[in-house]
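Chemist: Before I ask anything, here is the structure I am working with.
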Amino acid sequence: MEKKNLDWANIGFGYVQTEKRYVSNYKDGAWDEGVLTEDANVVLNECAGVLQYAQTCFEGLKAYTTVDGRTVTFRPDMNAQRMFDTAKRLEMPTFPKERFVDAVKQVIKANESYVPPFGSGASLYLRPYMFGTNPVIGVKPATEYQFRIFTTPVGPYFKGGVKPLTLCISDFDRAAPNGTGHIKAGLNYAMSLHAIVSAHNAGYDENMYLDAATRTKVEETGGANFLFVTKDNKVVTPKSSSILPSITRRSLMVVAKEYLGLEVEEREIFKEELSDFAECGLCGTAAVISPVGKIVDHGKEICLPSGMTEMGPITKKLYETLTGIQMGKIEAPEGWIVEIK
């Protein structure tokens, strides 16, 4: 497949319209067969459920060109399951998991010329999403929905290299214990925007949210899970029913244990422990791991021993191993890599 003539080395992390997207509509209790279309526009009634009561959810995953020239994607079945769980919580119809994976394959194949070449540092980002389409004026679930997947080539999340981030402990609550923090609902991200803009205006890169019930335990940022490394090289992540189950974070825990031979643990992490850790990172699809160098708790600085110049050694090994798996340099666990044929 001949690649598009784009400046792959300088492409940003933003939206670039590609040729095809997948669309399926839900009506009268069933999903239609779904199609690939060139039309990038969504036309909705002014009273559509998504516009009135934010009934929408989304996912994010990537396609890559491997070292041996294959086009692959990473664990799409996990995204399918997470969207399935999200839809149930939002009283939306579930999109069949097998069809989700098939739609992912279709849309990558249809836009394969936009999958950046190996070594460019870029990838093809996929955004599956679903929303209520019919008019809804009373507070209730919509009865008609649309499921779509579009693609866009994106450059590395951190252009010019990875610089450790400075976080602030937020005064805002991200999610309640019995709320929607564990699903990928659009409303979760809308309510985080004020908090992240406030953090940026104060000179911080991101927020660290604490649990809403006691404000003593680490949860996540607005769009990524935390991963910590202890001074004796144990990899630890927060355990909570109100954080999103990151596919990247769960994959990194397998990499830590099975590939690097490290001890791993998922448990409650208390704010008072932060100064005891050697390294900290944010896990997500966009950057895989974003290193954290400093956490500021209302003026009190907690400086990680890994410093503010580069990734800590364990974080770097985790990053290099997982990206090596994604790029075909390292053998993947069964089912993790799906080749587009």
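The values are calculated or read from the model by the stated rules, or taken from the named source; none is laboratory data. All of these numbers come straight from a predicted model, not from anything done at the bench. Because the Cβ atoms are built from the backbone with ideal geometry, glycine has one as well, and the counts that use them run over all protein chains shown. The area values use the complete protein model at the heavy-atom level, side chains included, leaving out ligands, DNA and RNA. Shrake-Rupley method; radii C 1.70, N 1.55, O 1.52, S 1.80 Å.
Chemist: Being in contact with a strand residue (DSSP E or B) (Cβ under 8 Å, 6 or more places away or on another chain) and aliphatic (A, V, I, L, M) is the filter here, so list the residues in region 55-95 that pass it.
Modeler: Of everything in region 55-95, those that are in contact with a strand residue (DSSP E or B) (Cβ under 8 Å, 6 or more places away or on another chain) and aliphatic (A, V, I, L, M) turn out to be Leu61, Ala63, Val72, Met83, Ala87, Leu90, Met92.
Chemist: When you check Ile289 against the structure, is it crowded, with 22+ Cβ neighbours inside 10 Å, among the β-branched types (Val, Ile, Thr) and more than 24 Å from Val107 (Cα to Cα), yes or no?
Modeler: yes
Chemist: Which of the residues spanning region 197-250 are among the small types (Gly, Ala, Ser) and in contact with a helix residue (DSSP H, G or I) (Cβ under 6 Å, 6 or more places away or on another chain)?
Modeler: Gly222
Chemist: Of all residues being among the acidic types (Asp, Glu) and touching a strand residue (DSSP E or B) at 6+ places or on another chain (Cβ under 8 Å) in region 16-37, which is least open to solvent (accessible area, probe 1.4 Å)? Just the residue, please.
Modeler: So the residue we want is Asp32.
Chemist: Right, another one. Here are Ala40, Ala48, Ala9, Ala54: which of them is over 30 Å from Val139 (Cα atoms) and either touching a residue at least 40 places away in the same chain (Cβ under 8 Å) or open to solvent by 70 Å² or more (accessible area, probe 1.4 Å) (or both)?
Modeler: Of the residues listed, the single one that is over 30 Å from Val139 (Cα atoms) and either touching a residue at least 40 places away in the same chain (Cβ under 8 Å) or open to solvent by 70 Å² or more (accessible area, probe 1.4 Å) (or both) is Ala9.
Chemist: Still on this structure, please answer the following. State all residues of region 77-98 that are assigned to a helix (DSSP H, G or I) and polar (S, T, N, Q); if no residue qualifies, say none.
Modeler: If the condition is that a residue be assigned to a helix (DSSP H, G or I) and polar (S, T, N, Q), then Asn79, Gln81, Thr86 are the ones that fit.
Chemist: Another one. Open to solvent by 30 Å² or more (accessible area, probe 1.4 Å) and farther than 21 Å from Pro305 by Cα: is that true of Glu273 in this structure?
Modeler: When the stated conditions are applied, Glu273 does not pass them.
Chemist: What are the residues in region 311-324 that are without any contact (Cβ under 8 Å) to a residue 40 or more places away in the chain and over 20 Å from the mean Cα position of the chain (by Cα), if any?
Modeler: Pro313
Chemist: Collect the residues in region 208-218 that are surrounded by fewer than 23 Cβ atoms within 10 Å (Cβ to Cβ) and within 20 Å of the chain's Cα centre (by Cα), keeping them in residue-number order.
Modeler: Leu210
Chemist: Next question, about the same structure. Could you say which residue among Val264, Val235 is crowded, with 20+ Cβ neighbours inside 10 Å, touching a residue at least 12 places away in the same chain (Cβ under 8 Å) and not polar (S, T, N, Q)?
Modeler: Going through Val264, Val235 in turn, the sole match is Val235.
Chemist: Of the conditions (1) buried (at least 22 other Cβ atoms within 10 Å of the Cβ); (2) touching a helix residue (DSSP H, G or I) at 6+ places or on another chain (Cβ under 6 Å); (3) assigned to a helix (DSSP H, G or I), Val101 clears all except one; give me its number.
Modeler: All conditions pass for Val101, except number (1).
Chemist: Is there a residue in region 211-234 that is modelled with pLDDT under 95 and part of a loop (DSSP other than H, G, I, E, B)?
Modeler: Yes, because at least one residue in region 211-234 is modelled with pLDDT under 95 and part of a loop (DSSP other than H, G, I, E, B).
Chemist: Is at least one residue of region 230-239 under 26 Å from Arg127 (Cα atoms) and among the acidic types (Asp, Glu)?
Modeler: Checking region 230-239: not a single residue is under 26 Å from Arg127 (Cα atoms) and among the acidic types (Asp, Glu).
Chemist: Any chance you could count how many residues in region 134-167 are surrounded by fewer than 15 Cβ atoms within 10 Å (Cβ to Cβ) and at pLDDT 95 or above?
Modeler: Residues meeting the conditions: 5.
Chemist: Then there is this: Tyr204 versus (1) open to solvent by less than 50 Å² (accessible area, probe 1.4 Å); (2) of a type outside the set (A, V, I, L, M, F, W, C); (3) within 22 Å of Ala287 (Cβ to Cβ); (4) touching a strand residue (DSSP E or B) at 6+ places or on another chain (Cβ under 8 Å): which is the lone unmet condition?
Modeler: Just one mismatch for Tyr204, condition (1).
Chemist: To continue, here is another question. Regarding Met327, is this residue open to solvent by 30 Å² or more (accessible area, probe 1.4 Å) and within 20 Å of the chain's Cα centre (by Cα)?
Modeler: So Met327 fits the description; yes.
Chemist: Now a separate question. If you go through region 250-257 one residue at a time, do you hit one that is closer than 29 Å to Lys300 by Cβ and open to solvent by 30 Å² or more (accessible area, probe 1.4 Å)?
Modeler: No, there is no match, as no residue in region 250-257 is closer than 29 Å to Lys300 by Cβ and open to solvent by 30 Å² or more (accessible area, probe 1.4 Å).
Chemist: Taking Ser170 as meeting all but one of (1) touching a residue at least 60 places away in the same chain (Cβ under 8 Å); (2) open to solvent by less than 10 Å² (accessible area, probe 1.4 Å), write down the number of the exception.
Modeler: (1)
Chemist: Another question about this same structure. Tally the residues that are more than 16 Å from Leu90 (Cα to Cα), assigned to a loop (DSSP other than H, G, I, E, B) and of a type in the set (A, V, I, L, M, F, W, C), restricting the search to region 104-160.
Modeler: 5
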